[in-house]
Amino acid sequence: VVLSRPLSALLTAFHAGSLWVFGWLAGHAPLSIVLTEPPRLVQQCEGAQGAAETLLKALGSSSSTLQDHTLAEFAEIAEGTTAAHASRRADIFADETGRLGWTPLAGFLVEELREFAGTLGAALSAMTGENVAAAKSSASRPPRVQWNVLSAAGAFGGAKVGKEQDRAAWSVRAKYYRVCFCLRALSGMTAASRAEDRFGVVLLCEPVLADVLASLLSTVLALQQYTKQESSFSSRSHPWLPRPIQRVVRLLGLPSHPTLQQPELCAHALEDVARTTTYRVVRTFGPSLVPLLKECRMPPALPQATTNDLARLLQGMLSHQE
């Protein structure tokens, strides 16, 4: 049977497409296993000080991928309920001075959260300053019509997008999982110290409980203000760009990654995680945190916030109003 040239080309394209789909489906399952099963570094170590030493060595690496995998395992250890998880936490609390366990590990987590909250605070300051400057300029002189000038990409309510806003949007999207792991690990270890910290390392060694609480509250407050500010603005420069990518991701059956979402959606999800992890510490220690927060010597990570703002947020969480 002699087929016509268009029909032969159609059959060839069909066979090639079928082969491509089969190859994708055959490689999707093992690839998902590799990507969703991070290396277990702490489970391979033995000894009383093996867990803390392994975590510190991995977190001190220059590879951000290794740090992310280590933070994920650290969060699992902090929130775990098995005897193995409890023994790993005991290894971290075993040093009375805190220099070999709690101080460097918790200090790394606190610094990550403070840097993230400071990035959001810089964006909020820039957005507020630009809005005030635009309002003053529009009130002093009538706006000029420039027909041959395009507006800046991604205008926030008519204001140009600066470096601080771009950096904050990038941090919210690119550091989504990293910030989540830091929140979970820090709150989990702090809550577990109520029953497992025999030497009072969390209360006596820096960062002390007040510093940890201030870092968690600053992160919640920064995300609250950022999401409110983002929600009050119009859509970003190219809101249509992630949607085709999302359709392709759904068609291929891949999990939706936060970096494919808009920054405000990621910020709302991060706010939920920050609020939940902070509530864990608040429920564990209760009203005794109120006078303890006043002893915090570390300034709030959010430039616009004060200690009174953190105390007000803490009171709202204690009364379950947040």
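The values are calculated or read from the model by the stated rules, or taken from the named source; none is laboratory data. What you see is a predicted model, and the numbers here were worked out from it, not measured in a lab. When we count neighbours, we look across all protein chains shown, and the Cβ atoms used for this are built from the backbone with ideal geometry, even at glycine. For the accessible areas, the whole protein counts, side chains as well, though only heavy atoms, and no ligand, DNA or RNA atoms are used. Shrake-Rupley method; radii C 1.70, N 1.55, O 1.52, S 1.80 Å.
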Discussion item. I'm trying to understand the selection: among the residues of segment 62-98, which are part of a loop (DSSP other than H, G, I, E, B) and open to solvent by less than 30 Å² (accessible area, probe 1.4 Å)?
Written reply: GLY80, GLY98
Worksheet item: Are any residues in segment 172-183 at pLDDT below 95 and surrounded by 24 or more Cβ atoms within 10 Å (Cβ to Cβ), and if so, which ones?
Response: VAL172
Discussion item. It is to be established whether one or more residues within segment 262-276 are in contact with a Leu (Cβ under 9 Å, 6 or more places away or on another chain), open to solvent by 30 Å² or more (accessible area, probe 1.4 Å), polar (S, T, N, Q) and not in a helix (DSSP H, G or I).
Written reply: no
Worksheet entry | Matching option when the condition is part of a helix (DSSP H, G or I) and either of a type in the set (Val, Ile, Thr) or at pLDDT 90 or above (or both), among LEU223, LEU251 | LEU223
Practice prompt. Identify all residues within segment 280-303 that are open to solvent by less than 70 Å² (accessible area, probe 1.4 Å), of a type outside the set (Val, Ile, Thr) and in contact (Cβ under 8 Å) with a residue 40 or more places away in the chain; write none if there are none.
Written response: ARG280, PHE285, LEU289, LEU292, LEU293, CYS296, MET298, PRO300, ALA301, LEU302
Worksheet item: Just one of ARG99, ARG114, ARG89 is under 22 Å from TYR226 (Cβ atoms), at pLDDT 85 or above and basic (Lys, Arg); which is it?
Response: ARG114
